[in-house]
1. Give me the Å³ per residue figure for the convex hull around the C-alpha atoms of the stretch 24-81.
2. Around T26, which amide H atoms from residues at least 5 apart in sequence, or from another chain, sit under 5 Å from its own amide H, with H modelled in the peptide plane?
3. Tell me, I47, I55 in order of fewest to most beta-carbon neighbours within 10 Å?
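Every read-out reported here was derived from the displayed coordinates using simple, explicitly stated rules and does not represent laboratory data. The structure presented is a predicted model; accordingly, all values stated were derived computationally and were not measured. Please note: Cβ atoms are built from the backbone with ideal geometry, for glycine as well, and neighbour counts cover all protein chains shown.
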Amino acid sequence: MNSSSAHFEHPDDIAAAPAPAPEKLTYSVAEAAALLGVSRPTVYRLIGRHVLVPIPGMRHKRLPKRQVRRLGDAENLADMLSAAPAGRQDNLP
């Protein structure tokens, strides 16, 4: 017999390393709100003002990671949140 026989480990003995979670490419409205530090209605207002543009054709609104990160890095986030919606002008006498 060969003294250098191969030793095979039982699959249960091998510690399976957890697979890394895939990187997110989109965020839900709730996730975007948490990342930006604002409420969900505020994210919907940003969508209504076209500051954030959701991916079309989805049942639930999904926001591209790039848009959310860009907005989160913007120094004028407070200005964007307090500005009047585009196209609205109050012409009161």
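1. Working: hull volume 4.3 nm³, N = 58.
Dividing the Cα hull volume of the stretch 24-81 by its residue count gives 74 Å³.
2. K65
3. Working: I47 16, I55 13.
Ordered from fewest to most neighbouring Cβ atoms within 10 Å, I47, I55 come out as I55, I47.
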